[in-house]
Amino acid sequence: MNDAVSNHVIGQYLLPTALWPRVEFQTANRTTATVLGTKGPLLQNAALDDGFNSNALVLTEELVKTWARAGATTNVFWPTNHLSQWLLKRFITRSPDEWLVMGLVYPATNRVESAALTGLSTRMANNGALLSSWELLGGATLKRVQSRMWEVVTPMVLLVLLSLWFAFRRATEIVLGVVVLCLSGLCLLAVMAVSGWTWNLMNLMALPLMLGTGVDYTLFIQLALRRHGGDLGAVRRSVGRALMLCGGTAVAGFGSLGFSSNPGMASLGKVCAVGIGANMLISVFLLPTWWKLLSPQSKVQGPKSEADGKASLNPQPSTLNPFAFYRAGLWRLGLVIVRILPVGLVKGLAMVLAGFYWRFQRQRCEVVVQNFLPLFAGDRAAAEKAARQLHRKFAAKMVDLWRVESGVPVQNWLTHQDELEIIRTARQRGRGTLFITLHLGNWEHGGLLLTQLGIRLTILTMAEPDDGLTDLRIEARRRCGVETLVIGQDDFAFVEVIQQLQAGADLAISLDRPPEKGGVPTEFFGHPFEASLAAAELARASGCALIGVTIVRRPDGYAVKVLPEFTYDRKALGNREARRELTQQILRAFEPEIRKDIDQWYQFTPIWPKDG
């Protein structure tokens, strides 16, 4: 405290030392107090002999008794009379094993810097003393509130997601609603950073209000876009004007609080004005454009009639389209989000959305359950549990994929050198290598691994449901050093594949989904399965090496499994039955890997024959 006074942090301080029992004085006076305590009768007789009344000796008697008690004690002696107790309770609290004392600290000036007080408080706390003031109380309370803010924010976020789900029932529109809220929050944080504003107990109350207005604005705009068939002009002339008027009055009202003489009230008004204004502007001017880009024309609709509601009981194939998320606009949005937000936060939000998807899109999720039933011998409970977990892991897998395509390198590979030697040995023969994989785990990461091993891979794939997404993903792979050959668009693509293999190229293909035509009957997990002969046909035509590879997510990285090379007699493959048997051999080799990580086998389309 003396250092704080000398450094002009405080003006002065006052401690109750004058009234505090001094142990050294009590020890020195204990013998005298004992002697005086025995002189009570002598003093009383002397006073009575001199003519004093006995009533005048009450105070003397109490003093002598107190001296006697003090002389008989061995510890610190505390006064016990009512006056002393009343006075001591003003600044002292005692218990059998501890005591607290209050002192007063006077500032050097009328304005004390919070940083200086915080530093003094920390130094005093190290010596068992606590410093309290209105300034410190506000800061400490704010830190406490911020540390437990997640307990309030988490239910609010869940309520927001539920509100969006019940309003839209479409993943794209729900994501757009969340994006509006996130972007508004980023705008607010940017304004606060530029203006030097800080969070306090008052302006934290603006968060629920911002979430509420943001949800309202996104609901009004997106439902109006449905109603007007995506006509941006009509939406802005009707609902857009209403929201501008509503939001403008709210901004003006809260903004006027910014001129308040109370700092807390002023900060509340400014934060509310900026947050609501950002919600309004983004919802009216940006959200309709995003909605137009991400919503296919076939899904633009007006209000449903009763007949429409009855027809929806028999869903059309487009309603059950499993590739609804595979749109160029939504993909670009994912790439932007993973660049801005922390990966843990993005994965958490993605898993929450996956949980909502599982809860409310039961008809689509049932496809996954039906695909899993043969692996669990018909045990539906086990299949549903695995399917539910699969959706959560698929959400995290999509975040990993977006991070890779946005340029984040992958370093945490879990490989075995003896398995990688299988790849090197096969490539040394120079007849080309066909890597066979499944829709298991993070199979798209295989090209990155081979690129790091010095192998330039070409992926054989079908076109995405959205042409724009096909181009987007081809360009992303090319940036990672991986080429793409889209089969099905060019009648001569198969010929080009053979030529590349014969030239010693390295290609990759997946085999765990039935082809639209040209499949052969095989068994997969003991169940009839229409399999593609693509790998066997390419082996027959080029003599390439066939190597099976899987990449699955583990807590500490990506586990790479290289299966032993699939050997074959090239001449025998001229027989279709031999090609079928080779395909069966390949599928059977992958079965143990799928069983180990069934919740990462991403099959969102039916794979078993309808009559199976």
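We did not get these values from a lab; they are worked out from the coordinates using the rules stated. The model shown is predicted, which means the values in this text are computed figures rather than measured ones. FYI the Cβ positions are ideal-geometry reconstructions off the backbone, even for glycines, and counts take in every protein chain you see.
Laid out as a table, the results:
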quantity: Per-bin percent of Cα-Cα distances, region 510-583 [10 Å]; calculated: 18, 41, 30, 9, 1
quantity: Residues Met244 and Leu189, FRET efficiency given R0 of 30 Å [Cβ-Cβ distance, rounded to 0.05]; calculated: 0.80
quantity: Cα-Cα over 21 Å, subset of Lys39/Lys65; Lys393/Lys596; Lys385/Lys517; calculated: Lys385/Lys517
quantity: Between 0 and 90°, nearest 10: helix 328-340 axis offset from the chain longest Cα axis; calculated: 30
quantity: Debye equation applied to the C-alpha atoms of the chain, log10 I(q)/I(0) at 0.11 Å⁻¹; calculated: -1.12
quantity: Partner lysines for Lys270 [C-alpha distance under 22 Å; skip if fewer than 8 residues away on the same chain]; calculated: Lys143
quantity: Whole-angstrom Cα spans of region 410-600 along principal axes, big to small; calculated: 44, 36, 35
quantity: Peptides 354-362, 68-76 ordered by average Cβ neighbours within 10 Å, highest first; calculated: 354-362, 68-76
quantity: Dipole of region 17-102, positive end: most advanced residue of Asn45, Leu88, Asn29 [Cβ charges, Cα centre]; calculated: Leu88
quantity: Positive-end residue of Thr415, Thr470, Leu434, charge dipole of region 345-479 with Cβ unit charges; calculated: Thr415
quantity: Per DSSP, loop GluC sites (Glu not before Pro) in region 44-104 with at most 10 further Cβ within 10 Å; calculated: Glu98
quantity: Share of alpha-carbon pairs per 5 Å distance bin for region 354-494, given as whole %; calculated: 2, 8, 14, 16, 16, 15, 15, 10, 4, 1, 0
quantity: Value of D in µm² per second that Stokes-Einstein yields for region 218-297, Kirkwood Rh from Cα pairs, at 20 °C (1.002 mPa s); calculated: 158
quantity: Theoretical gain in end-to-end length, Ala125 to Trp199 [0.36 nm per residue, Cα-Cα removed]; calculated: 24.1 nm
quantity: Exposure proxy order (Cβ contacts within 10 Å, fewest to most) of Cys544, Cys365, Cys246; calculated: Cys246, Cys365, Cys544
quantity: For region 17-102: Kirkwood Rh in Å [reciprocal of mean 1/r, alpha carbons]; calculated: 14.8
quantity: Between helix 40-49 and the chain: long-axis angle, C-alpha atoms, 0 to 90°, nearest 10; calculated: 40
quantity: If the convex hull is drawn through the Cα atoms of region 415-513, its volume per residue in Å³; calculated: 107
quantity: Compactness of region 240-284 as Cα Rg over 2.2 N^0.38 Å, two decimals; calculated: 1.17
quantity: Rounded to 10°, Cα long-axis angle of helix 263-281 versus longest principal axis of the chain; calculated: 10
